Amino acid sequence: MLEGYERATSVEEARRRAGAQRRIVKLASNENPLGSSSRALAAMRALGDLNRYGDDAYLEMRERLALRHGLSIENVVLGHGSNEIVKLAAETFLYPGDEAVLAVPSFLLYRLAISLRGAAAVEVPLRDGVTDLEAMLAAVTPKTTMLFVCDPNNPTGTAVEREHWGAFVDALPAGIVLVVDQAYREYASKECVDAIAGVMQRPRTIVLRTTSKIYGLAALRFGYGFADRETIARLDRLRLPFNVAAPALAGAAAALDDEAFVRRSIQNNETEKVRLAAAFGRLALHAYPTQANFHALAVPVSATRAHEDLLHEGIIVRSGDALRMPGRLRVTIGAPDENALLLDALERLAARWRA
Ligand SMILES: Cc1ncc(COP(=O)(O)O)c(C=O)c1O
């Protein structure tokens, strides 16, 4: 049977568990705690009639994204969230009997996309919480047709080691489709791999971005991908017509230009990241150095129990047991008041967990 995507606990469910009176803080899905760009919301409210289909080639948005990254329009594909492009890439390039290499733990959707194609997922454990590029290369066989790298990696938050990237890409056999998922790239504070530049250097490299995270538009469902012309043309053949809704286009276009909102989001994330890391240190709870908007926090009890205990405190996090990361929780960096509630709860619970 296929291993499906295990969903996060919803606010509604948390309310039932923690009691209707309690404030629920959701730190489970790596969303932007500052809300959405007001410019994006205004652009969507200003839309007129929606009775006509739009431009299925999405020329305007693709041109905008191409210009931003020094590419051409033929290098851009749009998706109903970047999730859709992950699935589209698997549908286009993976066949039954193929092998696809991926890290574990990493974003769960890769495994589902691979399995849905009847291909084999070849899993490569992280090394000290970091994507092990060397081991991934070693896992490549003549049957390998696709390889997934998540940078920064969900659920650990760690970035790919930049100093090893060039050699890794050079050594990867040319026919293999390399998917580099950069859903959290805008949060990274250290110098990271420039995967988008790699699109021009290595055909069959697909780089994915989204407006769901730093742009605060998770519910809008808009993502985009870059690759060489031929790869984009192949993806486009299987893309559903009109896969991106007009409100998503309007909202995403405004959000991508809202530099002030992005700056504020980075600032909150950076400040709170440092504060949380210091507090985790005081509580003797280990977290990997994160380049994203979440921490992978080690707990001295099972992740399932820690998740349940936090849920009773009104705080929703993601249990590592659901993410192939036992012994850890994935905790989104929230707004200052949300993080304060998290730390309060952790302080109480950590003492109980160690008793
Ligand atoms: C690594 C990674 N890629 C992609 C996505 C999905 O993004 P989207 O909302 O654009 O489908 C997520 C969302 O959590 C993610 O963590």
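The values are calculated or read from the model by the stated rules, or taken from the named source; none is laboratory data. Here the structure is a predicted model, which is why all the values come from computation and not from measurement. A quick note on method: Cβ atoms are made from the backbone with ideal geometry, for glycine too, and the neighbour counts reach across all protein chains shown. Accessible surface areas use protein heavy atoms only, side chains included; no ligands, DNA or RNA. Shrake-Rupley method; radii C 1.70, N 1.55, O 1.52, S 1.80 Å.
General remarks:
- Taking all C-alpha pairs of segment 256-335, those more than 20 Å from each other amount to 36 percent.
- The mean accessible area for residues of the chain, using a 1.4 Å probe and ignoring ligands and nucleic acids, is 44 Å² per residue.
- Charge dipole (debye, nearest 20) of segment 40-257; +1 at Cβ of Lys and Arg, -1 at Cβ of Asp and Glu: 460 debye
- Rounded to 5, percent antiparallel among DSSP beta bridges of segment 92-180: 5 percent
- Peptide packing: for 101-114, 188-201, 136-149, 214-227, the average count of neighbouring Cβ atoms within 10 Å per residue gives the ranking 214-227, 101-114, 136-149, 188-201, highest mean first.
- For the peptides 58-64, 68-74, the ranking by packing is 58-64, 68-74, with the highest mean count of neighbouring Cβ atoms within 10 Å listed first.
- Approximate spin-label separation residue 240-residue 16, in nm, with each point projected 7 Å along Cα-to-Cβ: 2.8 nm
- Only protein atoms count toward the accessible area here, which uses a 1.4 Å probe; on segment 295-336, the carbon and sulfur part of that area reaches 55 percent.
- Mean projected area of the Cα convex hull of the chain, taken over all directions, amounts to 18.3 nm².
- Stretching residue 354 away from residue 67 to a fully extended chain increases their span by 97.9 nm, per 0.36 nm per residue minus the current alpha-carbon distance.
- Kirkwood hydrodynamic radius of segment 30-114, from inverse mean 1/r over distinct Cα pairs, in Å: 16.4 Å
- Of the residues 144, 203, 83, the one whose Cα sits farthest towards the positive end of the charge dipole of the chain is 83 (charges of +1 on Lys and Arg Cβ, -1 on Asp and Glu Cβ, taken about the Cα centre).
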